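Engineer: This is the structure I want to talk about, given as structure tokens.
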Amino acid sequence: MDMRKKKFFAMTDQNRLTLDPTRPETLMEKYGIKRDAYYDRLKFLGIKHQKDSEHRCYLTDEQVNLMDELDLYIKENGKMEGFANNNSENNSGAMVKSEDTAIEQSSENIYVEPENPTDNLDVGQLIRKAAQLKARELATPDLVVRELANRMEEDDLPEDLKEKVSAVREAVNPKWTPGQLADTILAQYRSSRS
């Protein structure tokens, strides 16, 4: 059997095993990332797409699980570096499949899903982080307004507000100087004595 037929039968067998293949666009949407970030993650993990009989790319369940773990790590740490399950020489537990080969370095299924998806999550911490994010989102417009006000000068004000500022200045500033006020008081005092 020539190499092309072997490859075709191998791909057909893979397609039968993958009933609901996970497509790249599905994962990009799931992780909220763009195409470049998606391919950066694949490259980092050493993952190559599988192709179905229609030559459409997909990832195996094992590859998706590895991508999910990396996504969780990035959300917690803000970067890919330091992720322990990538396909490096130091990692003997990763699973990577390419079009022609499947290399499984660990026989046990390390991707056991809990019955309740929240079992492994600290719900209180997630709620707190979400609340902090919402609080910041709510406070940001007021903080921006405060900073705009700090940077404005009187000439930046509309005419109606300039008039209000002038009116307040006149109300709080005395209409008499201390010398004029002293002269008036002294004159009243002297006239009352006579």
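The values are calculated or read from the model by the stated rules, or taken from the named source; none is laboratory data. Treat the numbers as computed from the prediction; the structure is a model and nothing was measured. Cβ sites come from the backbone with ideal geometry, for glycine too, and all protein chains shown count toward neighbours.
Engineer: Can we say LEU66 is in contact with a strand residue (DSSP E or B) (Cβ under 8 Å, 6 or more places away or on another chain) and among the hydrophobic types (A, V, I, L, M, F, W, C)? Spell out the reasoning first.
Structural biologist: Working: in contact with a strand residue (DSSP E or B) (Cβ under 8 Å, 6 or more places away or on another chain): yes; among the hydrophobic types (A, V, I, L, M, F, W, C): yes.
Judged against the criteria, LEU66 is a match.
A quick yes/no check of all residues on (1) surrounded by 18 or more Cβ atoms within 10 Å (Cβ to Cβ); (2) without any contact (Cβ under 8 Å) to a residue 40 or more places away in the chain; (3) closer than 28 Å to ASP122 by Cβ; (4) polar (S, T, N, Q):
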{"residue": "GLY32", "(1), (2), (3), (4)": "no, yes, yes, no"}
{"residue": "LEU45", "(1), (2), (3), (4)": "yes, no, yes, no"}
{"residue": "LYS48", "(1), (2), (3), (4)": "no, no, no, no"}
{"residue": "ARG56", "(1), (2), (3), (4)": "no, yes, no, no"}
{"residue": "GLU62", "(1), (2), (3), (4)": "yes, no, yes, no"}
{"residue": "ASP68", "(1), (2), (3), (4)": "no, yes, yes, no"}
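Engineer: For LYS134, are the conditions met, namely being surrounded by fewer than 11 Cβ atoms within 10 Å (Cβ to Cβ) and either at pLDDT 90 or above or of a type in the set (Val, Ile, Thr) (or both)? Let's see the steps before the verdict.
Structural biologist: Details: surrounded by fewer than 11 Cβ atoms within 10 Å (Cβ to Cβ): yes; either at pLDDT 90 or above or of a type in the set (Val, Ile, Thr) (or both): yes.
Judged against the criteria, LYS134 is a match.
Engineer: When both residues are 6+ apart or on different chains and their Cβ atoms are under 9 Å apart, which pairs have a first residue that lies in segment 12-27 and is hydroxyl-bearing (Ser, Thr, Tyr), and a second that is modelled with pLDDT of 50 or more and assigned to a loop (DSSP other than H, G, I, E, B)?
Structural biologist: THR12/SER53; THR18/ASP52; THR18/THR60; THR22/THR60
Engineer: Given the options VAL172, VAL144, VAL165, name the one that is surrounded by 10 or more Cβ atoms within 10 Å (Cβ to Cβ), of a type in the set (Val, Ile, Thr) and over 23 Å from the mean Cα position of the chain (by Cα). I'd like the intermediate steps shown before the answer.
Structural biologist: Working: VAL172 fails: surrounded by 10 or more Cβ atoms within 10 Å (Cβ to Cβ); VAL144 fails: over 23 Å from the mean Cα position of the chain (by Cα).
The unique qualifying residue is VAL165.
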